[in-house]
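No lab work stands behind these numbers, since they all come straight from the coordinates. Here the structure is a predicted model, which means the values were calculated and not measured. Heads up, the Cβs are rebuilt from the backbone with ideal geometry, glycines too, and the neighbour counts pull from every protein chain shown.
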Amino acid sequence: MEIVLTIAGSDPSGGAGIQQDLKTITALGCYGATVITSITSQNTQGVQGSMPVPPDVVVSQLRAVLSDLEPAVIKIGMLPDRAVAEAVVDTLETYQRSQHLVEMTDHAEGTGSVGVPIIYDPVMVSTSGYPLMQSETIDYIAQRLFPLCTLITPNLPETDRLLEQIGIPPTPRDILRAGKGLSQFYGTAFLLKGGHADSSQMTDFLFETNGTVSPFTTERIVTGNLHGTGCTLSSAIAAHLAQGASLAEAVRKGKEYVTTAIRRSVDSRIGHGNGPLI
C-alpha cells in the first residue's frame, strides 16, 4: 500500500487540515502518515485561534516518520510561522539529499528509483478570513520550499499574494499569465484554483514546467458546505500521484473526487457554519 505523508495543522472539527487529509488519503486507498505543525481551535463557523507546534517537535515527528516509513508522496499544508517552515524545509532538504544518494545508487544498480514528489497547498488565510501564515513566512517559503515542490496549489487570493513576490500585478487578473509566470519563476508546477471566481463554472489550470497548460472545468455547485475543499483536493492529488498517475491525471482524478464530495455534501447538516465535505 502506498504511503502519503501529510504535514499540516490540526482541525478539531474534522473538516480540514490533518483530519480531512487522512480521510481523503484513506478513502482513495493509500496509507496516511502525519506530522502536525499547528493546533487550531476551529469549527464550521471559523478559526478562533491557533498555536504553532514547537519546531523541535515538528522535526522530531518528521524524523520519526521518515526514518521508518517510505512515503511515495509528501503533502504539505499549514506552516504557521517561519520557525516551523524552517524546521520542515531543513528536514526535507536533508531527506531529499539522502534520497538522491539512494537514487544515484539505484540507477547505478539499474533499479531506476525516483525522488519523492512534494505537493504544497499554501494555506495562508482561512475561508473565514483568519490569517494562518505571517508575511515573513510567505517570503521564506517562496524562496526555500517552492524549489523542493512538484506541485503548488494556491487559490486565487493566494495566487495574488504570490504574484506580488515576483512583480506581476494581480489585476486585471490574467490567469494564464499568472500561472506561466509563477511556474517559470519557481521552476515547479502550479495548479491555480478558480473556486473564488464569480462565474457559473470553475476552471482550474495546471501549469507544468515543460510549458503544458491543462484546464479542468467543473460546474459551480451552490452549497454552504465547502470547509476543507483545498485540503481535500491536494490530498486527493497526492494519493493519485502515489498510485502512479501522471501529474495531470492525478489532478483530473483529484478534481473528480472533490466535485463528487461537494455534490454529496450539499444537503448535509454538520455544524452551524460552512460545513465540511463528506
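Within a straight-line Cα-Cα reach of under 20 Å, K180 can be paired with the following lysines, leaving aside sequence neighbours fewer than 8 residues apart in one chain: K193.
For the chain, what proportion of DSSP beta bridges, expressed in % and rounded to the nearest 5, is antiparallel? Display every interim value, and only then the final one.
Values: 17 of 37 bridges.
In the chain, DSSP labels about 45 percent of beta bridges as antiparallel.
Largest GNM mean-square fluctuation across L148, L163, L79, computed for the chain with C-alpha springs under 10 Å, falls on L163.
Between A64 and A248, the simple label model (points 7 Å from Cα in the Cβ direction) yields a spacing of 4.1 nm.
Charges were assigned to the Cβ only: +1 to each Lys and Arg, -1 to each Asp and Glu. The resulting dipole of the chain about its Cα centre is roughly 720 debye. Ordered by the number of other Cβ atoms lying within 10 Å of each residue's own Cβ, fewest first, V58, V65 fall into the sequence V65, V58.
The simple spin-label model puts a point 7 Å past each Cα toward its Cβ; for Q143 and A27 those points are separated by 3.9 nm.
By how many nm would the segment from S135 to S98 lengthen if fully extended, with 0.36 nm per residue of separation less the alpha-carbon distance? Could you put the intermediate results ahead of the total?
Working: separation 37, 0.36 × 37 = 13.32 nm, distance 3.10 nm.
That works out to 10.2 nm of additional length.
Put in line by how crowded their Cβ is, counting other Cβ atoms within 10 Å and starting with the fewest, H227, H240 read H240, H227.
Just want to confirm a number: the relative contact order over region 203-278, from Cα pairs under 8 angstrom separated by 6+ residues, in percent. Don't skip to the answer; put the middle values down first.
On the way: 87 pairs, mean separation 26.3, N = 76.
Rounded, it is 35 percent for region 203-278.
For S41 and I221, FRET efficiency with R0 = 30 Å and r from the beta-carbon atoms, rounded to 0.05?
Values: r = 29 Å, r/R0 = 0.96.
Given R0 = 30 Å and the Cβ-Cβ separation, E is 0.55.
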